[in-house]
Amino acid sequence: MTEVVRLKRLDFLQFSINKHPMTILLTGATGKSATPLAKLLLEANKSVVLANRSGRVPAPFRGARFDWLDASTYGIPFEVDATIDRIYLIAPRILDMLPPMKAFIDFAIDKGVKRFVLMSAGLIEAGGPGMGLVHEYLASLSVEYCVLRPSYFFDNLLLIYSDSIRRSNEILSAAEDGLIGHISTEDIAEQAFKALVNPVIENAQPILVGPELLSYDQIAAMLSQVLGREIKHKRLHADDYTKVLMQRGMPEDYAQRMSGADVIIAGGAEERLFKRADFVGKRRLREFLEANKDAQQWRAKTG
Ligand SMILES: NC(=O)c1ccc[n+]([C@@H]2O[C@H](COP(=O)([O-])OP(=O)(O)OC[C@H]3O[C@@H](n4cnc5c(N)ncnc54)[C@H](OP(=O)(O)O)[C@@H]3O)[C@@H](O)[C@H]2O)c1
């Protein structure tokens, strides 16, 4: 083949690739990480469908009703857009998530999906519990995949921890002096964007952390400065922390897993993770606290 013919063929291939319609489906679409991710995709003019249980999503996005625990909804996103070929996977909040996730991944591959980006967690290895089993399943398939393994999200301070901050000016944990490299969901979204959009996935299981390692004592001191009232870190035994999480509505098995993670953190697991991170976010926790200092979730409860 002459050089000219080869180049023409490459041009044609490039043209076909660019012309091939591509749509990205985000599950967990109205959640903490998919919200900034959807914004990035919109800004980059990518075709996106957002899925959650109601199918109600903010304008100008297209929404699809989708429930991990109801297989009759699996086809709905593909009815909204038949060209979906990449999917961002946010697991349902159950411990035994592999059966529904495996069923949907298989269904999506039959529909022509070529790439999956799974939100897992820094401390969960492939084959490990929960998302680790989904990670292992993706790796066993002939598809492109990326498993994001972030540390804890800044947002937890507004969500999981805010109840006791509001009621008694306390952050409750079983993590003792364990250090954590909390990360911004905006930094995670930038990595998810690359994994979904780039022609090639460079790292199939990146560990993502924020720029600093902090204990809950240090976070409580930072939050005290930002809110202008004293917030303390109350150290709980893991069993007591499990009960707290259950009182906040978490199922018992999930609450046990979460407080078990705190015990591992107390033993230095997140600190070790930080040292082998593949990506360090640029946004700092202090900036997040400042940006949200007037949030209703942190207002001291009076009376
Ligand atoms: N928080 C952390 O510090 C942290 C750290 C590392 C990893 N992670 C992992 O991150 C994941 C959560 O991601 P996120 O925080 O971005 O999401 P999220 O804020 O928890 O949002 C959950 C999303 O999923 C949807 N949803 C809930 N149940 C559903 C179901 N049965 N079927 C379909 N959609 C459902 C929700 O919308 P509707 O309710 O409207 O359906 C919402 O859009 C979890 O797997 C967690 O383990 C979290």
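The values are calculated or read from the model by the stated rules, or taken from the named source; none is laboratory data. What you are looking at is a predicted structure, and each value in this text was computed from that prediction instead of being measured. Positions of Cβ are generated from backbone atoms using ideal geometry, with glycine treated the same way; all protein chains shown enter the neighbour counts. Surface areas here come from the heavy atoms of the whole protein model, side chains and all, with no ligands, DNA or RNA. Shrake-Rupley method; radii C 1.70, N 1.55, O 1.52, S 1.80 Å.
Where the only charges are on Cβ atoms (+1 Lys, Arg; -1 Asp, Glu), what is the dipole of the chain about its Cα centre, to the nearest 20 debye? List each step's numbers first, then the result.
Numbers: 38 positive and 37 negative charges, 152 e Å.
Once rounded to the nearest 20, the dipole reads 720 debye.
Highest mean packing comes first when the peptides 89-96, 294-301 are listed by Cβ atoms within 10 Å, giving 89-96, 294-301.
How much area per residue is accessible in the stretch 189-303 when the probe is 1.4 Å and only protein heavy atoms are counted (Å²)?
On the way: 6370 Å² over 115 residues.
Accessible surface, normalised per residue, equals 55 Å².
A Gaussian network model of the chain, with springs between Cα atoms under 10 Å, assigns the largest mean-square fluctuation among 211, 199, 129 to 199.
Remark on residue 117: its backbone amide H falls under 5 Å from those of 87, 88, 89, 146, a criterion applied only to residues 5 or more positions apart or on other chains, H modelled at 1.01 Å from N. In order along the stretch 90-97, the phi-based Karplus estimate (6.51 cos²θ - 1.76 cosθ + 1.60, θ = phi - 60°) of 3J(HN,Hα) comes to 10, 5, x, 7, 9, 6, 8, 8 Hz; Gly and Pro are listed as x. Express in whole angstrom the spacing between the alpha-carbon centres of the stretch 233-258 and the stretch 22-36. Centre-to-centre (Cα) distance: 28 Å. Distance between the 7 Å Cα→Cβ label points at residue 42 and residue 125: 4.1 nm.
For the stretch 3-150, what Kirkwood radius comes out of the mean inverse Cα-Cα distance, in Å? Computed over Cα pairs of the stretch 3-150, the Kirkwood hydrodynamic radius comes out at 16.2 Å. Averaged over residues, the count of other Cβ atoms within 10 Å places the peptides 238-251, 144-157, 185-198 in the sequence 144-157, 185-198, 238-251, highest first. How many angstrom lie between the C-alpha centres of the stretch 169-194 and the stretch 102-119? When both Cα centres are located, 28 Å separates them.
Divide, for the chain, the radius of gyration over alpha carbons by 2.2 N^0.38 Å, where N is the residue count.
Values: Rg = 21.1 Å, N = 303, 2.2 N^0.38 = 19.3 Å.
Taking the Cα Rg and dividing by 2.2 N^0.38 Å, one obtains 1.09.
Using a probe of 1.4 angstrom and keeping all protein chains present, the accessible surface of the stretch 124-177 works out to 36 square angstrom per residue. Which lysines does residue 293 reach when only Cα atoms under 27 Å apart count, and residues fewer than 8 places away in its own chain are ignored? By straight Cα distance, residue 293 reaches 32, 39, 232, 234, 282, 301. Straight Cα distances below 13 angstrom link residue 243 to the aspartates and glutamates 252, 253, with same-chain residues fewer than 8 positions distant left out. With respect to the chain, whose longest principal axis is taken over its alpha-carbon atoms, helix 216-227 is tilted by about 90°.
Scanning residues 5 or more positions from residue 171 or on other chains, those with amide H under 5 Å from its amide H are 232, 233, 234, with H placed 1.01 Å from N in the peptide plane.
Phi angles of the stretch 38-55 translate, via the Karplus equation with coefficients 6.51, -1.76, 1.60 and θ = phi - 60°, into HN-Hα couplings of 4, 5, 4, 5, 5, 4, 8, 6, 8, 7, 9, 10, 9, 10, 8, 5, 8, x Hz per residue; Gly and Pro are given as x.
What is the antiparallel percent of DSSP beta bridges lying wholly in the chain, to the nearest 5? Spell out each step's value before the answer.
Values: 1 of 31 bridges.
Of all bridge pairs located within the chain, approximately 5 percent are antiparallel.
Taking θ as phi - 60° and the Karplus parameters 6.51, -1.76 and 1.60, the scalar couplings of the stretch 175-189 work out to 8, 6, 9, x, 9, 10, x, 3, 10, 7, 5, 6, 5, 5, 4 Hz in sequence order, x denoting glycine and proline.
Here's how it looks for residue 48: its modeled amide H is under 5 Å from those of 24, which are all 5 or more places away or on a different chain.
Computed in the context of the full set of protein chains, the accessible area of the stretch 55-162 at 1.4 Å probe radius has 55% of its extent on carbon or sulfur.
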